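For reference, the structure discussed in these notes is given below.
No lab work stands behind these numbers, since they all come straight from the coordinates. Everything numeric here is computed off the predicted structure, so don't read it as measured data. Neighbour counts run over all protein chains shown; Cβ positions are idealised from the backbone, glycine included.
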Amino acid sequence: MKTPACGAGVWLAVSLSLLAFAGNSLLCRLALMQGAMDAHSFTVLRLLSGAVLLWLLVQRRSAASGVPAPRLGGSGWGALALFSYAYLFSVAYLQLEAGAGALLLFAAVQVSMFVGGWLRGEPLHRRVLGGMLLAFAGLLALLLPGSETPPLGSALLMLASGVAWGLYSLLGKRSRDPLQDTAGNFVRSVPLLLLPLLVVVLTGELRLTLLGTVYALASGLLASGAGYALWYWVLRQIGAQQAATVQLAVPLIAALAAVPLLGEPLGWRLLLAAALIVGGISLALRPATAPRRSADGGR
């Protein structure tokens, strides 16, 4: 199995991707918490702006190289997974705090990607399995009954969003052109945006402010469009199981950033869950111990 330790460039790309993922949680929660935008419009503007940015980048790259732009990349399944993740993500955050939502999201991502990687033939090493179980214990600690337990309906929506993102990431393992395929997935998702638009019309929940638009555009252009193209490149460098595990750093980043930015409390339950998750990441990403050679050189 490949590991992220194959170069400083990969580690930098991984770090930037994780910051983008955490940024999406914070930006969405900011928009919804302050009433600057409804969840449906946030999804529409986020995916639409990401599609425009990525399409322009593909066209610019094509013009610079003098080669005609290839046909639309990505796939219908990739677009459906992307839309499902983004829409469920926004609706779930109506009642979830940024840190708790990110924990639920990436716990579901981890399980779906571990299972998907295993079904596709990736060996499941003991240390990786142990890391997954330890991190999953963090999810259980978060969901135990108590005053800090997140609302069940929103929690289930976020778990479903995480499964969709896990599937989207597994599809990215096959990508030969991360920018082209990410752009294609975003563009293909645009017709699906009729669903949240229809919900807004039928429910009359439309809320659109300048501040909310700024949050949605930042999420779509930077944290989603650019961040996901980078993530598709990362997925070619590391295994699906390790990609799943390293993403569990996102809830810790989001939870810590939400304290000063959103005024969210950092309770003992969230701290315990974060500690278990970080421990699981460390275990799963620890290099396998090389077998010792005997004193005579193994002869």
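Things worth noting here:
- Averaged over residues, the count of other Cβ atoms within 10 Å places the peptides 197-205, 51-59, 167-175 in the sequence 167-175, 51-59, 197-205, highest first.
- Under Karplus coefficients 6.51, -1.76 and 1.60, residue-wise ³J(HN,Hα) of segment 87-102 in Hz, glycine/proline x: 6, 4, 4, 5, 5, 5, 6, 4, 10, 10, 6, 4, x, 5, x, 5
- For the chain, with +1 on Lys and Arg beta carbons and -1 on Asp and Glu, the positive-most of L30, L266, Q110 along the dipole: Q110
- In nm, spacing of pseudo-spin labels at A137 and L72 (7 Å Cα→C-beta vector): 4.7
- Segment 26-181, relative contact order in percent, only Cα pairs under 8 angstrom and at least six apart counted: 36
- Fully extending the segment from R207 to L119, taken as 0.36 nm per residue of separation minus the present Cα-Cα distance, adds 27.4 nm.
- Take the convex hull of the alpha carbons in the chain; its mean projected area over all directions comes to 18.6 nm².
- Mean separation of Cα contacts under 8 Å (6+ apart) over length of segment 6-285, as relative contact order %: 41
- Segment L94-A64, extension gain: residue separation times 0.36 nm, minus the distance between their alpha carbons: 6.5 nm
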